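Each remark here refers to the structure printed beneath this line.
The values are calculated or read from the model by the stated rules, or taken from the named source; none is laboratory data. Just so we're clear, the structure is a prediction, and the values are computed from it rather than from any experiment. Cβ placement follows ideal geometry from the backbone for every residue including glycine, while neighbour counts extend to all protein chains displayed.
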Amino acid sequence: MKALIQRVQSASVDIAGERHGEIGAGILLLLGVEKTDTQSSADKLLQKILNYRIFADAEGRMNLNLQQRQGGLLIVSQFTLVADTAKGLRPGFSKGATPQQGEALYQYFVDQARAQHPDVATGRFGADMQVSLINDGPVTFLLEV
């Protein structure tokens, strides 16, 4: 699993012109699922995201995690994160999960996030989404498990 996380002041996702999910300050998470991913890898990645210290403390240092900051978490599926871009001028997706596996693990990840964090919003798996954000910093990290 790959997660591109961005510290945001706010973020939202629209589908077919309608707002589907939004958060205030927190993390926008773009989630990519690979063929070899399991529920165990989803659990590990979620724990890393919830506890990753990317928010400023009183001294301005990145010492607080999402739960300490009490921020929102907007989870958006993005299969292009798992693309193979090493060769050529067109991405390859042979490492990506099938749509069925990807959706199942995405939904599992969302369910686990909602069970462990009070402020979770989402996009919709497989939908054409328009994501808006105000990146805070900018602060962006690619996490893999």
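A few remarks follow.
- Residues of the stretch 25-48 that are surrounded by 15 or more Cβ atoms within 10 Å (Cβ to Cβ), assigned to a loop (DSSP other than H, G, I, E, B) and in contact with a strand residue (DSSP E or B) (Cβ under 8 Å, 6 or more places away or on another chain): ALA25, VAL33.
- Unmet criterion (only one of (1) in contact (Cβ under 8 Å) with a residue 40 or more places away in the chain; (2) in a helix (DSSP H, G or I)) for ALA115: (1)
- Among the conditions (1) under 18 Å from PHE125 (Cα atoms); (2) within 13 Å of the chain's Cα centre (by Cα), ALA83 misses just one, which is (2).
- Within the stretch 49-76, if we keep just the residues that are assigned to a strand (DSSP E or B) and under 19 Å from VAL120 (Cα atoms), the residue that is farthest from the chain's Cα centre (by Cα) turns out to be LEU64.
- Which numbered condition MET62 misses (of (1) hydrophobic (A, V, I, L, M, F, W, C); (2) farther than 17 Å from GLN6 by Cβ; (3) exposed (fewer than 15 other Cβ atoms within 10 Å of the Cβ); (4) at pLDDT 95 or above): (2)
- The test for being closer than 21 Å to ASP136 by Cα, more than 13 Å from the chain's Cα centre (by Cα), surrounded by fewer than 19 Cβ atoms within 10 Å (Cβ to Cβ) and of a type in the set (A, V, I, L, M) does not hold for ALA16.
- For the stretch 49-59, the tally of residues that are touching a residue at least 60 places away in the same chain (Cβ under 8 Å) and either closer than 10 Å to LYS2 by Cα or surrounded by fewer than 20 Cβ atoms within 10 Å (Cβ to Cβ) (or both) stands at 2.
- ILE23 in contact with an Asp or Glu (Cβ under 9 Å, 6 or more places away or on another chain) and in contact (Cβ under 8 Å) with a residue 12 or more places away in the chain: yes
- Of the residues making up the stretch 86-105, those that are in contact (Cβ under 8 Å) with a residue 60 or more places away in the chain and over 18 Å from the mean Cα position of the chain (by Cα) number 2.
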